[in-house]
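Peer 1: One structure, as structure tokens, below. Some questions next.
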Amino acid sequence: MKNAVSGVGLAPDAAMVTFPIAMFLPGSDITPVRERKQEFYDGLMRWQSKFSQSAGESPMLSVEGASYEEALNRANDLLLAKLWGDGLPLWPATRERVDWMLQGTALPRTHLLGKFPPRGGVTTVETCAIALAMAGGRPEYLPILIAAVEGCLDPSTGFDQLQATSGGPFPVVIVNGPIAKQIRINSGFGLLGPDPQNPAGASIGRALRLLQQNVGGALPGVGTMAIFGAMRYTNAVFAEDEDSLPQGWLPHATERHGYTTGTNSISLVFASGVTNVRRRGAKKESPQEDVQNGLWRMADFMRAPNLAVLAGYEKGTPGIMMISPVVAKMMAELGWTKPKLREFLWENSKIPMDQLKRAGAPAWIEIDSNPITRESIKLDPWPICLKPDNIVLVVAGGAHPTHSYWLQAHSPSVVGRPIRLPETFDRLLAQAQRDLGANRV
Amino acid sequence: MKLEFYDPSGALEVTQPHAPRLSSLERKRIGIVSNEQWQAYRMLPLLKSLLETDFPGTEVLPVDAYPQGNALIGTEETAALVKKSGVDAVIVGNAA
């Protein structure tokens, strides 16, 4: 609640009376409201804010140790004690390290990107550089982090609610354009990580997560009610395998956002979970049967009363279907295109109304804030999104035919942002080559 | 060995003050803004009756005096309705 209050520009320590969760459940004993009525009365009459506002550039912290090793340990202990860590070792964001990160942008360090909801922490380019420094990043990663933060702060995302909600949706950043290979973002085997050959996605996603927690206030059980948390240490940052797109298949960023092929861009979706789909068949089968059976299995996984899809019913997405390059090639050879695949998956993931009813789903549709979503209750079978184009389809993953991957979404929108590079970007890439060795991609 | 590093939490900017507190709760008019969740339909009416019992002459508007639900309570339209109703204070609930 403090986040919600500070997020609208009020001092965060608003007058509140808090109770254990049990009182908020159906059939609960609400006599504690009567017993603690004086706290409500005091809130209306006597409460005063004790918040003092800080201003200017980010304040500095300091630790001391007999050696660098000891100081580093103490810095990590302090970051955890202040609830700014994630349980993994952090690089303290020293002036030197942050200045190094800032080489990745031509924007001024004080350039305001917005306020990170729900807490409303002021988010500048410097704030991003601090998070990236802590996450073990490099300056050439900063342009993608800035674009991802801009995407998160787009009003269409409803990010304040996504940050706080119990479903725990997490950002998925799909990168298109040559920058993916240049800075070592994975599009192939193990693209959701970890991968020491392609370390960029982990650092960028971890920095975004640190911003969500430290600046946005999404601290588990306090600022975010994400019940399970969904393995969000690094969120998900990967690239589409554009080199493997079959002839005539367009990159995701071109289809969804209209960016010219070759444009460096990010596309932001919020996922609430992932499902591996064993797509490949066994025993004797024709290429047609392999593709068709696999598609049915994907649609079967999508045909679930996952009510998180309601958030993106009209303008967002029910999820991201990842198809490996080998499978995309097989499909294309049989005449499938991305639009045809989306049409098939949309048509065959519709849920019969009787199944929705037995799961109690219509009540959620009826109370949805979007009239178009509410209207959809008249459809039987019920499509999981307004139209096929809402489904995000990307060619990515290892060159292997067995599986597809479905990232189910809780995503009111799919936001695209171009990535802005500094003029010195080539120098940063050359330095990365020296530091990390030859790029294996 | 001293290690200096940035506070990563980002500044908070207070752009508007909280409403002034009341000197007493007697003979006041109080509004309730409800998101209609987390047993608000039971707790907020209980709070209304407690206030009206403990502070004679105080009127607490019914929970449905303003639009309810998360999608509506934060809107400018609801804020205008609250202002128009001429209440001295507002209680907002429930969050979990």
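Peer 1: Would you point out the residue of region B:1-47, among those that are farther than 27 Å from residue A:123 by Cα and assigned to a strand (DSSP E or B), that is nearest to the other protein chains (Cβ to nearest Cβ)?
Peer 2: Ranking the qualifying residues of region B:1-47, first place goes to B:2.
Peer 1: Now a separate question. For the structure I just gave you, tell me whether residue A:409 is touching a Gly at 6+ places or on another chain (Cβ under 9 Å) and farther than 23 Å from residue A:156 by Cβ. If you could, list the steps in order and put the result at the bottom.
Peer 2: Numbers: touching a Gly at 6+ places or on another chain (Cβ under 9 Å): yes; farther than 23 Å from residue A:156 by Cβ: no.
When the stated conditions are applied, residue A:409 does not pass them.
For every residue, the table says whether it meets (1) touching a helix residue (DSSP H, G or I) at 6+ places or on another chain (Cβ under 8 Å); (2) of a type in the set (A, V, I, L, M); (3) not in a loop (DSSP other than H, G, I, E, B).
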{"position": "A:229", "(1), (2), (3)": "no, no, no"}
{"position": "A:253", "(1), (2), (3)": "no, yes, yes"}
{"position": "A:277", "(1), (2), (3)": "yes, yes, yes"}
{"position": "A:281", "(1), (2), (3)": "yes, no, no"}
{"position": "A:284", "(1), (2), (3)": "no, no, no"}
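Peer 1: Examine region A:109-130 for a residue that is more than 30 Å from residue B:50 (Cα to Cα), at the interface with another protein chain (Cβ under 10 Å from one of its Cβ atoms), acidic (Asp, Glu) and open to solvent by less than 30 Å² (accessible area, probe 1.4 Å), and state whether such a residue exists.
Peer 2: Within region A:109-130, one or more residues are more than 30 Å from residue B:50 (Cα to Cα), at the interface with another protein chain (Cβ under 10 Å from one of its Cβ atoms), acidic (Asp, Glu) and open to solvent by less than 30 Å² (accessible area, probe 1.4 Å).
Peer 1: Take the residues of region A:322-338 that are in contact with a strand residue (DSSP E or B) (Cβ under 8 Å, 6 or more places away or on another chain) and within 21 Å of residue A:186 (Cα to Cα): which is surrounded by the fewest Cβ atoms within 10 Å (Cβ to Cβ)? Steps first, answer last, please.
Peer 2: Taking region A:322-338 first, the residues in contact with a strand residue (DSSP E or B) (Cβ under 8 Å, 6 or more places away or on another chain) are A:322-325, A:327-328, A:331, A:338.
Adding the requirement that they be within 21 Å of residue A:186 (Cα to Cα) leaves A:322-325, A:327-328.
Details: A:322: 25, A:323: 27, A:324: 24, A:325: 21, A:327: 25, A:328: 23.
Within region A:322-338, the match that is surrounded by the fewest Cβ atoms within 10 Å (Cβ to Cβ) is A:325.
Peer 1: Pairs, please: C-beta under 8 Å, at least 6 apart or cross-chain, first residue open to solvent by 70 Å² or more (accessible area, probe 1.4 Å) and in region A:413-438, second among the small types (Gly, Ala, Ser) and not in a helix (DSSP H, G or I)?
Peer 2: A:420/A:106; A:423/A:106
Peer 1: For region A:152-223, which helices (runs of 4 or more DSSP H) that fit wholly inside it have 1 or more residues that are basic (Lys, Arg) and within 28 Å of residue A:250 (Cβ to Cβ)? Explain how you work it out, then say what you get.
Peer 2: Numbers: elements: A:159-164, A:179-182, A:200-210.
Fully inside region A:152-223 and qualifying: A:179-182.
Peer 1: Follow-up. Would you check if there is a residue in region B:79-86 being surrounded by 18 or more Cβ atoms within 10 Å (Cβ to Cβ), touching a Leu at 6+ places or on another chain (Cβ under 7 Å) and more than 20 Å from residue A:41 (Cα to Cα)?
Peer 2: no
Peer 1: Scan region A:191-233 for residues that are within 13 Å of the chain's Cα centre (by Cα) and of a type in the set (Val, Ile, Thr) and jot them down.
Peer 2: A:204
Residue-wise test of (1) more than 23 Å from residue A:42 (Cα to Cα); (2) surrounded by fewer than 21 Cβ atoms within 10 Å (Cβ to Cβ); (3) among the basic types (Lys, Arg).
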residue: B:2; (1), (2), (3): yes, yes, yes
residue: B:5; (1), (2), (3): yes, no, no
residue: B:8; (1), (2), (3): yes, no, no
residue: B:21; (1), (2), (3): no, yes, yes
residue: B:24; (1), (2), (3): no, yes, no
residue: B:41; (1), (2), (3): no, yes, no
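Peer 1: Which of the residues that make up region B:48-96 are assigned to a helix (DSSP H, G or I), at pLDDT below 95 and touching a Lys or Arg at 6+ places or on another chain (Cβ under 9 Å)?
Peer 2: B:63
Peer 1: So residue A:61 ticks every box in (1) part of a loop (DSSP other than H, G, I, E, B); (2) under 27 Å from residue A:202 (Cβ atoms); (3) at the interface with chain B (Cβ under 7 Å from one of its Cβ atoms) but one. Which box is left unticked?
Peer 2: (1)
Peer 1: Take residue A:145 and tell me if it is aliphatic (A, V, I, L, M), in contact (Cβ under 8 Å) with a residue 12 or more places away in the chain and part of a loop (DSSP other than H, G, I, E, B).
Peer 2: Details: aliphatic (A, V, I, L, M): yes; in contact (Cβ under 8 Å) with a residue 12 or more places away in the chain: yes; part of a loop (DSSP other than H, G, I, E, B): no.
When the stated conditions are applied, residue A:145 does not pass them.
Peer 1: So residue A:2 ticks every box in (1) modelled with pLDDT under 95; (2) facing chain B (nearest Cβ under 9 Å); (3) under 29 Å from the mean Cα position of the chain (by Cα) but one. Which box is left unticked?
Peer 2: All conditions pass for residue A:2, except number (2).
Peer 1: Looking for whichever is crowded, with 16+ Cβ neighbours inside 10 Å, under 17 Å from residue A:119 (Cβ atoms), modelled with pLDDT under 95 and of a type in the set (Ser, Thr, Tyr) here; the options are A:49, A:58. Which one fits? Let's see the steps before the verdict.
Peer 2: Working: A:49 fails: crowded, with 16+ Cβ neighbours inside 10 Å.
Going through A:49, A:58 in turn, the sole match is A:58.
Peer 1: Return a yes/no flag: does region A:23-38 have any residue that is more than 7 Å from chain B (Cβ to nearest Cβ), in contact (Cβ under 8 Å) with a residue 60 or more places away in the chain and not in a loop (DSSP other than H, G, I, E, B).
Peer 2: The answer is no, given that none of the residues of region A:23-38 is more than 7 Å from chain B (Cβ to nearest Cβ), in contact (Cβ under 8 Å) with a residue 60 or more places away in the chain and not in a loop (DSSP other than H, G, I, E, B).
Peer 1: Considering only residues that are aromatic (Phe, Trp, Tyr) and open to solvent by less than 30 Å² (accessible area, probe 1.4 Å), which ones fall in region A:209-264?
Peer 2: Applying the first criterion (aromatic (Phe, Trp, Tyr)) to region A:209-264 yields A:228, A:233, A:238, A:249, A:259.
Result: A:238, A:249.
Peer 1: Quick one: which residue in A:169, A:139 is at pLDDT 95 or above, open to solvent by less than 20 Å² (accessible area, probe 1.4 Å), under 19 Å from residue A:419 (Cα atoms) and touching a helix residue (DSSP H, G or I) at 6+ places or on another chain (Cβ under 9 Å)? Spell out the reasoning first.
Peer 2: Numbers: A:169 fails: under 19 Å from residue A:419 (Cα atoms).
Within the list A:169, A:139, the selection yields A:139.
Peer 1: Restricting attention to region A:61-100, which residues are more than 29 Å from the chain's Cα centre (by Cα), open to solvent by less than 70 Å² (accessible area, probe 1.4 Å) and hydrophobic (A, V, I, L, M, F, W, C)?
Peer 2: Within region A:61-100, A:61, A:63, A:71, A:72 qualify.
Peer 1: Go through A:93, A:133 for me and flag whichever is closer than 28 Å to residue A:171 by Cβ, in a helix (DSSP H, G or I), of a type in the set (A, V, I, L, M) and in contact with a strand residue (DSSP E or B) (Cβ under 9 Å, 6 or more places away or on another chain). Let's see the steps before the verdict.
Peer 2: Working: A:93 fails: in a helix (DSSP H, G or I).
The match here is A:133.
Peer 1: Now for a different question. Out of the residues in region A:284-303 meeting the condition of being of a type outside the set (D, E, K, R) and more than 25 Å from residue A:383 (Cα to Cα), tell me which one is least open to solvent (accessible area, probe 1.4 Å).
Peer 2: A:286
The values are calculated or read from the model by the stated rules, or taken from the named source; none is laboratory data. Here the structure is a predicted model, which is why all the values come from computation and not from measurement. With ideal geometry, Cβ positions are generated from the backbone for all residues, glycine too; neighbour counts draw on all protein chains shown. Just the protein is used for accessible areas: all its heavy atoms, side chains included, with ligands, DNA and RNA removed. Shrake-Rupley method; radii C 1.70, N 1.55, O 1.52, S 1.80 Å.
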